[in-house]
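Colleague: Next up is a structure, given as structure tokens.
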Amino acid sequence: MNNFIIRRLLQFVPTIIIISFVIFILLNIIPGDPAFLCGDTRRTMDVQTMKMIREKWGLDDPFYLRYGKYLCNLLKGDLGISFRTNRQVSELLKKCFPVTLKLASFSMLIAILGGVYLGFISGIKQGSFYDLSCMIGAVAGVSIPSFWLGLMFIYLFSVKLNILPSGGYGGGDILHLILPAFSLGIAYMALIARVTRASVLNVMNEDYIRTARSKGLSEFVIQYKHIFKNVLIPVITVIGLQFGGLIAATVVIEKVFSLPGIGSLLVLSIYRRDVPVIQGCILLIIFGFLIINFIIDILYTYIDPRIRYQ
Amino acid sequence: MKKILRNKNILFGGIIIIFLILITIFAPYFAPYDPVEDSDLIRALEPSGRTFLMGTDPYGRDLLSRIIYGTRISFTLGLIIQTLNTIIGVSLGLCAGYFGGKIDDMIMGLTNIMLSIPTLILALTVMVVMGPGIINLCIALGFVSWTYTCRIARSETLSIKEKEFTEAARALGASKFRIIRKHILPNILGPIVVIATLGIGDAILMAATLGFLGLGVQPPTPEWGAMLSRGRDYIWSAPWLCIFPGLAISITVLGLNLLGDGIRDILDPRLITKKYKN
């Protein structure tokens, strides 16, 4: 197990190097001169100033040299300096990261608790009115765009009922996260409910469930001890796969609710064409995605002792 | 045919999609006003009423007409993006599965790298490079979301490649290209059709998301995501600018999801067996 963890952690290095290379190439072929973006774009810059800026940022260096420098700095944890604000990218990310982390975790918690509960009960009560309503809700849930749901929540709970704030972070107040977390979590809740239900239906036909029933075990014990535990494996896989999408989706939700997270920083940097910050945000999101998948792999062994990594 | 009509998902999804296709084709006949040119600031932000069923936007344009024309844009975008990523995904999947070896390693390596980057983030990066616009949006989304199709095409090709009829074609001296085109491709189409149908909804959602972020289709073109983004500023005074475009996106994606689920039920015999088993 320890070997597996070390091997998986070591795999991060080439993955991050390749991804950083792809993103570096992509972002460095953006039309327009980055030197122009460093200064005040409203004023025309003289040739001397442009030359000075190009020298300062090493923009005249060949591509491979610039990437080499970037990679060396990246491995040291230095993500560069923002073209627009002149501040360290890591400093900007450090400020925004807790907001995104809180939002993503809160949304995922809502999605997991709601999705597993609804899907499990739906599967157990297959064909009932409850099952039908849940599944109609689940299909609708995966079809509604989260940013529209967010806007509708703002309209209902902030404009009409005036019980929850319509946006902003409020210094980390939980009330400010309720609407964004639900807007983001509902689509994933629907997806998890669908997978949980399908998994329950599969497990219910297994021989060991028939054996448990023939032993005369109570329905409660069968459902929670035999079905529930075995349902979790595919559900956890889906949660792991979807968490990356959820982290990415925070970009849109943060815009809807004006939350100062990584997503807002990314969108703002895209509008301003601030390449070092764009690179930093994207790498951080991808790194988060890789870490989540790693945790999911470790979790498998705890949930299903049959899985052993060599 | 009976099996298709008995499937509720296909029935409901089909009705929604046929209705939307009709709107797409006959948009000029359904729309009461021109979606771009017919603007008048005197009638700006008028709420729903007899003259304007869904109200007007800040430029006095009829929202209903813009949503009707938006159907045309979103559907076209969804179809083009999905066609592009199906062509890329199937071609790469077929090559990886059929030729194997280094070609397989290279294609699957690229697929795995792309899978480790969330699609929205990759699409955002490509859009930053290419700049906003309809054609750029199609290229960006078409080139970033082929990975799933590629994996399915590859695994299906791997199993079909070993079948007797492929062996027989090879023994008869058929060229590799002919075997892929005549024997493998027609046999992997079932699952590909399912993924492609389900993918159109995702493509429309993704295009709307990028439009909402201001990186997709640009105003004054009536695209639903961009309309929602503009409507966000007026949620306190003119909520209809947010309600109707979002409703249009949700109904379209719901129709496509239902249709995709239904087609999967019919084309994937494993799922049908499971259904009857339960």
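Quick note: the coordinates plus some simple rules give every number you see, no bench work behind them. Just so it is clear, the structure is predicted and the values come from calculations on it, not from any experiment. Because the Cβ atoms are built from the backbone with ideal geometry, glycine has one as well, and the counts that use them run over all protein chains shown.
Colleague: Anyone know which of A:14, A:234, A:145 comes out most mobile in the 10 Å Cα GNM of chain A?
Modeller: Among A:14, A:234, A:145, the largest GNM mean-square fluctuation belongs to A:14.
Colleague: How high is the FRET efficiency between residue B:12 and residue B:177 when r is their beta carbon distance and R₀ equals 35 Å, given to the nearest 0.05? Before the final figure, lay out the partial values.
Modeller: Numbers: r = 42 Å, r/R0 = 1.19.
The calculated FRET efficiency here is 0.25.
Colleague: Out of every Cα pair in segment B:1-72, what percent are spaced more than 19 Å from each other?
Modeller: Working: 1175 of 2556 pairs.
Result: 46 percent of Cα pairs exceed 19 Å.
Colleague: Please express the Cα-Cα pair-distance distribution P(r) of segment A:90-303 as a list of whole percents, one per 5 Å bin, running from 0 to the bin with the greatest distance.
Modeller: Values per bin, smallest distances first: 1, 7, 13, 16, 16, 14, 11, 8, 6, 4, 2, 1, 0, 0.
Colleague: Pick out which of A:70, A:188, A:224 has the largest mean-square fluctuation in a Gaussian network model of chain A, springs linking Cα atoms closer than 10 Å.
Modeller: A:224
Colleague: A further question follows. Quick one: which residues, 5+ away or cross-chain, put their amide H under 5 Å from the amide H of residue B:234? H built at 1.01 Å from N.
Modeller: Those qualifying (amide H under 5 Å, at least 5 residues apart or on another chain) number zero.
Colleague: Between Rg and the Kirkwood Rh of chain B, both from Cα atoms, what is the Rg to Rh ratio? Kindly include the intermediate steps, with their values, before the conclusion.
Modeller: On the way: Rg = 22.1 Å, Rh = 20.8 Å.
Rounded to two decimals, Rg over Rh is 1.06.
Colleague: Taking the alpha-carbon distance from residue A:215 and a cut-off under 17 Å, which lysines remain once sequence neighbours fewer than 8 residues away in the same chain are dropped?
Modeller: A:225
Colleague: Which Cα, out of A:126, A:278, A:259, lies furthest along the positive dipole direction of segment A:90-303 (beta carbon charges, K/R +1, D/E -1)?
Modeller: The listed residue farthest towards the positive side: A:126.
Colleague: Now a separate question. Between residue A:287 and residue A:140, what length comes free when the chain is fully extended (0.36 nm per residue of separation minus the Cα-Cα distance, one decimal in nm)? Don't skip to the answer; put the middle values down first.
Modeller: Working: separation 147, 0.36 × 147 = 52.92 nm, distance 3.11 nm.
This chain segment gains 49.8 nm when fully extended.
Colleague: Take the Cα atoms of the protein assembly as shown, build their convex hull, and give its volume per residue in Å³.
Modeller: Values: hull volume 122.2 nm³, N = 588.
Per residue, the Cα convex hull of the protein assembly as shown comes to 208 Å³.
Colleague: I've got another one for you. Let me know the whole percent of all Cα-Cα pairs from segment B:185-239 that are separated by more than 18 Å. The partial results should precede the final answer.
Modeller: Numbers: 736 of 1485 pairs.
In whole percent, the share of Cα-Cα pairs in segment B:185-239 beyond 18 Å is 50.
Colleague: Considering only A:212, A:193, A:138, give the residue with the highest GNM mean-square fluctuation for chain A, with springs between Cα atoms whenever their separation is below 10 Å.
Modeller: Residue with maximal mean-square fluctuation among A:212, A:193, A:138: A:212.
Colleague: Calculate the spin-label point distance for residue A:86 paired with residue A:302, positioning each point 7 Å from the Cα along the beta-carbon direction, and give it in nanometres.
Modeller: 4.8 nm
Colleague: From other protein chains only, count the Cβ atoms within 10 Å of every residue's Cβ in B:110-122, then give the mean. Walk me through the numbers on the way to the answer.
Modeller: Working: counts 2, 0, 2, 6, 2, 3, 9, 10, 13, 3, 10, 14, 7.
Mean number of neighbouring Cβ atoms from other chains: 6.
Colleague: Another question, if that's okay. Efficiency by 1/(1 + (r/R0)^6): what FRET value for residue A:3 and residue B:50, r their Cβ-Cβ distance, R0 = 60 Å, to the nearest 0.05?
Modeller: With a Förster radius of 60 Å, E is 0.25.
Colleague: Per residue of A:151-159, count partner chain C-beta atoms within 10 Å of its C-beta, then hand back the mean as an integer. Before the final figure, lay out each step's value.
Modeller: Numbers: counts 12, 6, 0, 5, 5, 1, 0, 2, 4.
Mean partner-chain Cβ count within 10 Å for A:151-159: 4.
Colleague: What lysines sit close enough to residue B:163 to cross-link, taking a C-alpha to C-alpha distance under 29 Å and skipping anything fewer than 8 places away on the same chain?
Modeller: B:3, B:102, B:176, B:182, B:274, B:275, B:277
Colleague: In terms of modelled amide H atoms, which long-range or inter-chain residues lie less than 5 Å from the amide H of residue A:81?
Modeller: Under 5 Å from the amide H of residue A:81 lie the amide H atoms of A:89, each far enough along the sequence or on another chain.
Colleague: With an 8 Å cut-off on Cα pairs and a minimum separation of 6 or more residues, tell me the relative contact order of chain B in percent.
Modeller: Values: 408 pairs, mean separation 69.0, N = 278.
That works out to 25 percent.
Colleague: Using modelled amide H (1.01 Å from N, peptide plane; none on Pro or chain starts), what sits under 5 Å from the amide H of residue B:36, excluding residues fewer than 5 places away?
Modeller: It is none; the list stays empty.
Colleague: Set the Förster distance to 41 Å, then compute FRET efficiency between residue A:132 and residue A:95 from the Cβ-Cβ distance, nearest 0.05. Please report the intermediate quantities before stating the final value.
Modeller: On the way: r = 47 Å, r/R0 = 1.14.
With R0 = 41 Å, the Cβ-Cβ based efficiency is 0.30.
Colleague: For the residues A:152, A:108, B:227, what sequence is obtained by ranking on other C-beta atoms within 10 Å, fewest first? Walk me through the intermediate numbers first.
Modeller: Numbers: A:152 19, A:108 23, B:227 28.
Lowest to highest Cβ neighbour count: A:152, A:108, B:227.
Colleague: For segment A:90-303, what relative contact order do you get, as a whole percent, if you take Cα pairs closer than 8 Å and at least 6 residues apart? Show your work: numbers first, answer last.
Modeller: Working: 264 pairs, mean separation 60.3, N = 214.
Rounded, it is 28 percent for segment A:90-303.
Colleague: Below 15 angstrom from the Cβ of residue B:101, what's the summed charge of the other residues (Lys, Arg +1; Asp, Glu -1)?
Modeller: Values: positive: B:102, B:154, B:161, B:176; negative: B:104, B:105.
Counting the neighbours of residue B:101, the net charge comes to +2.
Colleague: Okay, moving on. Taking Cα atoms, how many degrees apart are the long axis of helix B:240-267 and the longest axis of chain B, rounded to 10 and kept between 0 and 90?
Modeller: 20 degrees
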